[in-house]
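Since the structure comes first, as structure tokens, the remarks are kept for the end.
The values are calculated or read from the model by the stated rules, or taken from the named source; none is laboratory data. Since we're looking at a predicted model, the values are computed, not measured. Here the Cβ is made from the backbone with ideal geometry for all residues, glycine too, and neighbour counts use every protein chain on show. When the accessible area is computed, the model is the full protein with side chains, heavy atoms only, and any ligands, DNA or RNA have been set aside. Shrake-Rupley method; radii C 1.70, N 1.55, O 1.52, S 1.80 Å.
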Amino acid sequence: MDTAVPSRDTRRRLERLIVTRPAPEAQAWVQALRADGWPAHALPLIRIAPPESEADRAGLNHWRRHWMQADAILFVSGAAVGHFFDGPVAAPASPPRTRFWAPGPGTASLIGQAIQPLGLDMSSIDAPPADATQFDSEHLWPVVSSQLAPGRLVLIVRGGPSAQDGATTTPGVAGRGRDWLIRQCLDAGAQVQGCVAYERLAPTLTTDDHRLIDASAHPQSAWLFSSSEALTPLQKLQPAPVWAETTALVTHPRIGDAAAHTGFGQIVQTRPALADVVRALESGWSRP
């Protein structure tokens, strides 16, 4: 997999940048990128919705009332934060022992905003350092590992199993992903429980969406992927566009692997912050 950023000598004019984040994040990114002169277009390839299962909704409401029972709560994404706090969350009667874990600064910032009405602030949040090479569970673990001991309870707030790829779940933990971190917690003697705060669904693609996809399978287009699941709808298209001359900007090596499997000819890896994405764009392309 080629993860090298194109040199300035080979920069080409970017005609279209496709942002595949879920709505409304995609629109927020498009606005920021367009303000910086980039021809961004929103194409959410993961649809986020409240949990449909009665059991999942009951579990979510239970943890909204009793979150103080957890020694640590990992919010796997901004969507997890938003949907967990999109309902009445109990305020603590006294300062809680609970730590809030985030895989990256974006999620940490959203947690900070969400817990402020509870009388808490950023000092209650743990995340990888700002200069970490990646924002993920592996880089979060060194920050939080000392908090764990036999009997400690870690709550994982996440999405339900994806309907796009039939992903399996970790036994005893609702949802998908972060399995490596879960294993580390279990190996340290901690208990791990899950809370489904939302569901990830396949997008409903319109005729205009299909036109945008077909028009964006060429060298003057780039696609921004922040999740491997966003590639699944593209893999299922029939007839499938040819991506061999198209670039995928990815925010994690695992997403890069998925993009290469889908057929993208060039993979450019970047950290997920907007400033890092813009630097990656400036290294390979010129604005229109």
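Could you derive backbone 3J(HN,Hα) for region 70-83 from the dihedral phi with the Karplus parameters 6.51, -1.76 and 1.60 (θ = phi - 60°), listing whole Hz in sequence and x where the residue is Gly or Pro?
Residue by residue, region 70-83 yields 7, 6, 8, 10, 9, 9, 6, 6, x, 4, 5, 5, x, 7 Hz.
With both partners inside the chain, how many of the DSSP beta bridges are antiparallel, as a percent to the nearest 5? Please list the in-between numbers first.
On the way: 3 of 36 bridges.
Here the antiparallel bridges make up roughly 10 percent for the chain.
Local charge sum around W63 (other residues, Cβ-Cβ under 14 Å, Lys/Arg +1, Asp/Glu -1)? Display every interim value, and only then the final one.
Working: positive: R57, R64, R65, R158; negative: D56, D71, D86.
Neighbour charge sum, excluding W63 itself: +1.
Given a 1.4 angstrom probe, I'd like the percentage of the accessible area of region 231-288 that is carbon and sulfur, rounded to a whole number.
After summing per-atom areas, the C and S share lands at 54 percent.
If you wrap a convex hull around the Cα atoms of the chain, how much volume per residue is inside, in Å³? Could the numbers behind the result be given before it?
Values: hull volume 38.1 nm³, N = 288.
So the per-residue hull volume is 132 Å³.
Taking the Cα centre of the chain as origin and charging only Cβ (+1 Lys, Arg; -1 Asp, Glu), how large is the dipole, in debye to the nearest 20?
Values: 25 positive and 27 negative charges, 47 e Å.
In debye, rounded to 20, the chain gives about 220.
Ordering R47, R287, R254 from largest to smallest accessible area (1.4 angstrom probe), what's the sequence? Mind showing how you got there, number by number?
Values: R47 110, R287 85, R254 130 Å².
The most accessible residue leads, giving R254, R47, R287.
Could you please state how large a percent of the accessible area of region 24-134 is carbon and sulfur, counting protein chains only and using a 1.4 Å probe? List each step's numbers first, then the result.
Working: 2850 of 5260 Å².
Reported share for carbon and sulfur atoms: 54 percent.
Among F135, G106, S227, which residue has its Cα positioned farthest towards the positive end of the charge dipole of the chain, with +1 placed on the Cβ of Lys and Arg, -1 on the Cβ of Asp and Glu, and the dipole taken about the Cα centre?
G106
If you roll a 1.4 Å probe over the heavy atoms of the protein chains, what accessible area per residue do you get for the chain, in Å²? Present the calculation step by step, with values, prior to reporting the outcome.
Numbers: 13040 Å² over 288 residues.
Ligands and nucleic acids excluded, the result is 45 Å² per residue.
Order T107, T207 by their accessible area, 1.4 angstrom probe, all chains in place, largest first. If you can, show how the numbers build up before the last one.
Working: T107 20, T207 90 Å².
Per-residue accessible area, sorted high to low, gives T207, T107.
What percent antiparallel are the DSSP beta bridges of region 24-174, to the nearest 5?
Close to 0 percent.
Of all DSSP beta bridges in region 169-288, what percent run antiparallel (nearest 5)?
Values: 0 of 8 bridges.
Bridges in region 169-288 are about 0 percent antiparallel.
By average Cβ neighbour count within 10 Å, what is the ranking of 239-247, 22-30 from highest down? Spell out each step's value before the answer.
Values: 239-247: 15.8, 22-30: 17.8.
Going by the mean number of other Cβ atoms within 10 Å, highest first, we get 22-30, 239-247.
With Rg and the Kirkwood Rh both taken from Cα atoms, where does Rg over Rh land for region 166-288? Walk me through the intermediate numbers first.
Values: Rg = 17.4 Å, Rh = 16.7 Å.
Reported Rg/Rh, Kirkwood definition of Rh: 1.05.
Strictly greater than 25 Å: what percent of every Cα pair in region 1-130 meets that? It would help to have the intermediate numbers written out before the result.
Working: 3606 of 8385 pairs.
Of all Cα-Cα pairs in region 1-130, 43 percent lie more than 25 Å apart.
For a protection proxy built on the mean count of beta-carbon atoms within 10 angstrom, sort 113-124, 265-276, 74-85 highest first, please.
Per-residue Cβ counts within 10 Å, averaged per peptide and sorted highest first, yield 74-85, 265-276, 113-124.
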